[in-house]
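Let me begin by presenting the structure, written as structure tokens, before commenting on it.
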Amino acid sequence: MTAAATPAISPPTGEQSGVRLARSRRNSELSLLLLAMVLVAAYQATIEATLLDTVTSDFWVPAAALTAVFLGVHVVVRFLAPFADPALLPAVALLNGIGVGFLRRLDLDDAAPADRADLATFAGIGGRQLLWTLISVLLAAGLLVLMRDHRSVSRYAYTLGLAGIVLVMIPAVLPARFSEINGAKLWIRVGSFSIQPGEFAKLALLVFFAYYLVRKREVLSLASRRFLGIDFPRGRDLGPVLVVWAISLMVLIFQKDLGTSLLYFGMFVVTLYIATERVSWLLIGLMLFFVGAYMAYVLGSTVGGPFANFYVRAEIWLDPFADPTDKGYQLVQGLLALGTGGLFGAGPGGGEPGILPEVQNDFIFAGIGEEIGLFGLSALLIVYLLIVERGLRAALAVRDSFGKLLAGGLSFTIGLQVFVIVGGISGLIPLTGQTTPFLSAGGSSLMANWLIIAVLLRVSDAARRPVASGGGGPAARPGGGPPQQLHGAPTEVIRP
Amino acid sequence: MPELVITVARFGFLILLWIFVFTVVGVIRRDLFAGARSGRLVAAPRAVGAPAGQQPAKPAKVKRGRAAHQLVVTAGQLAGTRITLGEAQITIGRAEDSTLVITDDYASARHARLVPRDGQWFVEDLGSTNGTYLDRAKVTGPTPVPLGVPIRIGRTSLELRP
């Protein structure tokens, strides 16, 4: 770690020694980023040592490619968002790198033993993920370039809201052969190429939610009846919540996906909670969701049809070992993998991820868990936690309400998504097909999540940027003359 | 590859992973304390940029007792904001160079100011369109402000606190 806490570059206005010791901490970010990449290279080397019994001379190529890409985005951040949070980018880079490493490890597993040593860098799902990472990071950098101020997106709030709803709805109305993979209708498939529009809808919808709630927060936080010590809102203010509830239930029914529906609804309720600071919204939201899920479960067992998928998943969750060779196979294998991993895991490259269905996707966490054990998995979970924490921190510190809601909602979304998928794999909640952010194979998820990170970087830059950087004050005061007594100088505003 | 190397690599990776986590936490921690310092916005006029960050504590210690030491915004958009009072006057308004910048449709650019005189703070209206009120009375000239009595400007409400 560098102890060099001096600002890496002077902020664009050229004002440096003036108002406050504002630190951009870009050098911390750089060294953390390099450490993360060393970790990724070490991961790669360990995998090759275990699987191939030797470390090939170009084991470092994927890690080096990732390093180059991330250094590129680091440079963009350095110039365009100099005060952005230093922990965000390295944490995400680590997860992304581990994901690429693990997917490459799956390729090594699949390849014939003779071909393993000279597997091309961009071959297989690992190589494709590397390519997707490149594209996603370019997109994120592009967003940072285009969006110089996060408030500017609020201008497109309604357009984005509409786009979000359309993106959510497309897979539901498309015929199943274009949109259904493994029973969930969440994709748009053209030939061998498939994208998951819902991933992008998250970001679009959240911009809309944030904008809408900033405008309506006063109405929504109006107190009404007090019941059991909690203020409940007026009936007519419940409208938007009920609409989002209905939409997310429709996602549950028509797209047969509990995770996505939980994600949209949770996103909205939490943004509402941040906007109004009323616990009652959380309670109402949770209640509505549980009622909806329970109804879907009951209907699934009696009526079947569109609800059957959810019913089956709930049944598997209640007793995964009831049918361990067929319906419960995936979850059971996941649980066994985590169990085999134990405390310290079988070592990178030492597990058997090949027998886990969908290990490159939904079950990547179980696959990685088998190899790095609880000890390693908790580190990864903490990295997620840190990402969410930094996002919430940016939300707390930023000065405008739209930014607060946007950053708070986005970081919560990442947290909720991790909860939904890790909870599903470990049997805490019914398993749903969610991608693990930054780890799972798949371009849509990676791109959408990197865009979220770009927005968080932008908001945190706005949050940590010193207020006075707008006006060109007198630069470095020469000599030791007493500072001129300004009329406002001794006062200071302490932010609540 | 010898078994030993692989075992070392295995555990080395896990340890490195945790080292990364703790390093990130360390950076965040340093940032947090730096943030605690930089979280106090110096309410200096923007155009001038005083180096007040380096010596914030000195003027605040000048007088103690029943005198007002804080100006607290109790209602309006900035609710919760506290300003530590010193020897200097505080200007309130929509203008960027005010000590307390309020974005309120009912506030004027230079709305009012608070001036200390012998330990007592006076509020003075600067010819605002919608007026300044001390509790319910309209402020016409420099008026002494007792502790805990609200000064109303548009939708914003301010109070002096000890």
- Query: Which residues, counting only those in the range B:99-114, are in contact (Cβ under 8 Å) with a residue 40 or more places away in the chain and surrounded by 21 or more Cβ atoms within 10 Å (Cβ to Cβ)?
  - Reply: B:T99, B:L100, B:I102, B:A107, B:H111, B:A112, B:L114
- Query: Do we find that A:T56 is part of a loop (DSSP other than H, G, I, E, B), over 27 Å from the mean Cα position of the chain (by Cα), modelled with pLDDT under 90 and among the hydroxyl-bearing types (S, T, Y) in this structure?
  - Reply: yes
- Task: Pull up the range B:143-162, narrow it to residues that are part of a strand (DSSP E or B) and among the β-branched types (V, I, T), then point me to the one that is surrounded by the fewest Cβ atoms within 10 Å (Cβ to Cβ).
- Result: B:T143
- Query: What's the number of the condition A:T432 fails, among (1) touching a strand residue (DSSP E or B) at 6+ places or on another chain (Cβ under 9 Å); (2) surrounded by fewer than 23 Cβ atoms within 10 Å (Cβ to Cβ); (3) not hydrophobic (A, V, I, L, M, F, W, C)?
  - Reply: (2)
- Query: Which ones in the range A:323-352 are surrounded by fewer than 24 Cβ atoms within 10 Å (Cβ to Cβ), of a type in the set (A, V, I, L, M), away from every other protein chain (no Cβ under 12 Å) and within 16 Å of A:L374 (Cα to Cα)?
  - Reply: A:L335, A:L336, A:L338
- How many residues are under 20 Å from B:T23 (Cβ atoms) and crowded, with 20+ Cβ neighbours inside 10 Å if we restrict to the range A:75-87? 5
- Exactly one of A:V291, A:V388, A:V298, A:V312 is within 14 Å of chain B (Cβ to nearest Cβ), of a type in the set (V, I, T), without any contact (Cβ under 8 Å) to a residue 40 or more places away in the chain and in a helix (DSSP H, G or I), and that residue is A:V388
- Message: Based on this model, can you work out whether A:P490 counts as facing another protein chain (nearest Cβ under 7 Å), at pLDDT below 85 and surrounded by fewer than 18 Cβ atoms within 10 Å (Cβ to Cβ)?
- Response: no
- Message: Condition first: among the small types (G, A, S), at pLDDT 75 or above, under 25 Å from the mean Cα position of the chain (by Cα) and buried (at least 18 other Cβ atoms within 10 Å of the Cβ). Can you find one or more residues in the range A:210-223 that meet it?
- Response: yes
- Listed residues A:L39, A:L88; which is touching a Gly at 6+ places or on another chain (Cβ under 8 Å), of a type in the set (A, V, I, L, M, F, W, C) and within 14 Å of A:L457 (Cβ to Cβ)? A:L88
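One line per residue, one yes/no per condition, for (1) modelled with pLDDT under 75; (2) among the polar types (S, T, N, Q); (3) surrounded by fewer than 21 Cβ atoms within 10 Å (Cβ to Cβ):
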site	(1), (2), (3)
A:V243	no, no, yes
A:K256	yes, no, no
A:F268	no, no, no
A:L283	no, no, yes
- Note on the structure: Considering residues that are at pLDDT below 90 and of a type in the set (S, T, N, Q), the number found within the range A:130-148 is 0
- Task: Please enumerate the residues belonging to the range A:249-261 that are among the small types (G, A, S) and touching a Gly at 6+ places or on another chain (Cβ under 8 Å).
- Result: A:G259
- Tell me, which residue of the range A:353-380 that is over 20 Å from A:T50 (Cα atoms) and outside any helix (DSSP H, G or I) is farthest from the other protein chains (Cβ to nearest Cβ)? A:P357
- Query: Is there a residue in the range A:143-156 that is within 30 Å of A:L66 (Cβ to Cβ), touching a Ser or Thr at 6+ places or on another chain (Cβ under 7 Å) and outside any helix (DSSP H, G or I)?
  - Reply: no
- Could you please let me know if A:A117 is assigned to a helix (DSSP H, G or I) and either touching an Asp or Glu at 6+ places or on another chain (Cβ under 7 Å) or closer than 27 Å to B:R30 by Cβ (or both)? no
- Among the numbered conditions (1) farther than 19 Å from B:Q77 by Cα; (2) part of a loop (DSSP other than H, G, I, E, B), tell me where B:R110 comes up short. (1)
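The values are calculated or read from the model by the stated rules, or taken from the named source; none is laboratory data. This structure is a prediction, so every number in the text was calculated from the model and none was measured. Counting neighbours? That spans all protein chains shown, and the Cβs are built from the backbone with ideal geometry, glycine included.
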